Every structure is written in structure tokens, then in C-alpha cells.
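Report on the structure given below.
The values are calculated or read from the model by the stated rules, or taken from the named source; none is laboratory data. Just so we're clear, the structure is a prediction, and the values are computed from it rather than from any experiment. With ideal geometry, Cβ positions are generated from the backbone for all residues, glycine too; neighbour counts draw on all protein chains shown. Note: accessible area is taken over every heavy atom of the protein model, side chains too, but ligands, DNA and RNA are not part of it. Shrake-Rupley method; radii C 1.70, N 1.55, O 1.52, S 1.80 Å.
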Amino acid sequence: METIAKLVKDARIRAGLTQEQLSARTRVTQSAISRVETGREQPTLATLRRLTRALDVSAAEVVAALEGGA
């Protein structure tokens, strides 16, 4: 099962982006991205939407990660 942290990190790596590059695309700070990717912070819905849109992650993948992380 996948968590939001793993989903975001794996999608970012697949896209060939650094946290800094993803930050520039989403206007989410690099430190916030790091906290999400390490599981230290759950993103708000708005932040999750920005990250998943920039990383081309589907709603189905997000739901699966949310169910897996519960």
C-alpha cells in the first residue's frame, strides 16, 4: 500500500524533478515538500492538489494512497 508521502516522492522522482524544481512549479515551499515526502506533515487539500497536478498524478492514485495510509 502506498502513502501520500511515497506517492508524492515517487511521482517527483519519476518526473525527474528536484524538490526545488517542484517548489517553483507549485509555489509550495521546498521545506513543505520535504516534510510531506518524509511523512512528517500531511498536506492540506490545496497543497495536495498543487503537487498532484504538477506531477500528473490521477485522482485514483491519490485515493488509493489515502486509503493505504489509513
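Test Glu37 against the stated conditions and say whether it is in contact with a helix residue (DSSP H, G or I) (Cβ under 7 Å, 6 or more places away or on another chain) and open to solvent by 80 Å² or more (accessible area, probe 1.4 Å). For Glu37, the condition - in contact with a helix residue (DSSP H, G or I) (Cβ under 7 Å, 6 or more places away or on another chain) and open to solvent by 80 Å² or more (accessible area, probe 1.4 Å) - is not met. Checking each residue in segment 27-46 for being more than 19 Å from Gly68 (Cα to Cα) and in contact (Cβ under 8 Å) with a residue 12 or more places away in the chain picks out Arg27, Val28, Ala32, Ile33, Ser34. Taking the chain and the helices (runs of 4 or more DSSP H) fully enclosed by it, the elements with 2 or more residues that are of a type outside the set (Val, Ile, Thr) and over 10 Å from the mean Cα position of the chain (by Cα) are at 19-26, 30-37, 45-55, 59-68.
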